[in-house]
Amino acid sequence: MPSKLKESTINNLCKIKEMTSAACAKDGFGCCSNFFCGIAKLEAEALGYTPVAVSDDIPYLGKDGACVIPPEFRPGCSMYVCPEHLEDRKFRRCWEKHRKKILSDPVIKDKITNNQEVNDKLQELINNPELAARLD
């Protein structure tokens, strides 16, 4: 299913995903978990994409170590980076530039940022991480 996001937003999501993935991989960090898969699933569904689990362990983590949900359907995961990486000023400036552009997309605002149902579900997941283990 094609994304309804602006092409520039998709490009910014791909760029920020490359930045965050490289930063985290370089230091051996791995935030992929059922919790983040739960967030990715909520975002993907809000954006009209139905993700298909490929693993019983971490549902959307492919065998190659990459997420099977395209970056444009999981903006939260694409933008997420461990706080210590934001201490690097050059990295942070670039990350903030892309993040600002992503969050200004009207579809992101409508379907995720300003969507009370999605925000309620995200808050429930944050408050009860064990729910992520049951992604149904």
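Take each of the peptides 37-46, 84-93, average the number of other beta-carbon atoms within 10 Å over its residues, and list them starting from the highest.
Packing proxy ranking, top to bottom: 37-46, 84-93.
Taking the Cβ of each residue in Thr9, Thr113 as the centre, tally the other Cβ atoms inside 10 Å and list the residues starting with the fewest.
Placing the least packed residue first, the sequence is Thr113, Thr9.
Take the Cα coordinates of the chain, assign each an equal point scatterer, and use the Debye formula without solvent to give log10 I(q)/I(0) at q = 0.11 Å⁻¹.
For the chain at q = 0.11 Å⁻¹, log10 I(q)/I(0) is -0.38.
From the backbone phi of the range 43-59, what are the Karplus-calculated ³J(HN,Hα) couplings (6.51 cos²θ - 1.76 cosθ + 1.60, θ = phi - 60°) in whole Hz, Gly and Pro given as x?
Those phi angles translate into 5, 4, 5, 5, 8, x, 10, 9, x, 10, 5, 10, 8, 7, 7, 10, x Hz.
Comparing Asn115, Asn34, Asn12, which has the greatest mean-square fluctuation in the GNM of the chain with Cα pairs linked when under 10 Å apart?
Ranking Asn115, Asn34, Asn12 by mean-square fluctuation puts Asn115 first.
Under a point-charge model restricted to the Cβ atoms of Lys and Arg (+1) and Asp and Glu (-1), what is the dipole moment magnitude of the chain relative to its Cα centre, in debye to the nearest 20?
740
What is the set of long-range amide H partners of Cys67 at a cut-off below 5 Å, with H atoms built 1.01 Å from backbone N?
Gly62
Go through Pro71, Phe91, Leu125 and say which Cα lies farthest out towards the positive end of the charge dipole of the chain; charges sit on Cβ, +1 for Lys and Arg, -1 for Asp and Glu.
Phe91
Taking 21 Å as the cut-off for C-alpha to C-alpha distance, list the pairs among Lys63/Lys109; Lys17/Lys121; Lys41/Lys111 that go past it.
As for pairs spanning more than 21 Å Cα to Cα, those are Lys63/Lys109; Lys17/Lys121.
Where a number appears in this text, it was derived from the coordinates with a stated rule and is not lab data. The model shown is predicted, which means the values in this text are computed figures rather than measured ones. Positions of Cβ are generated from backbone atoms using ideal geometry, with glycine treated the same way; all protein chains shown enter the neighbour counts.
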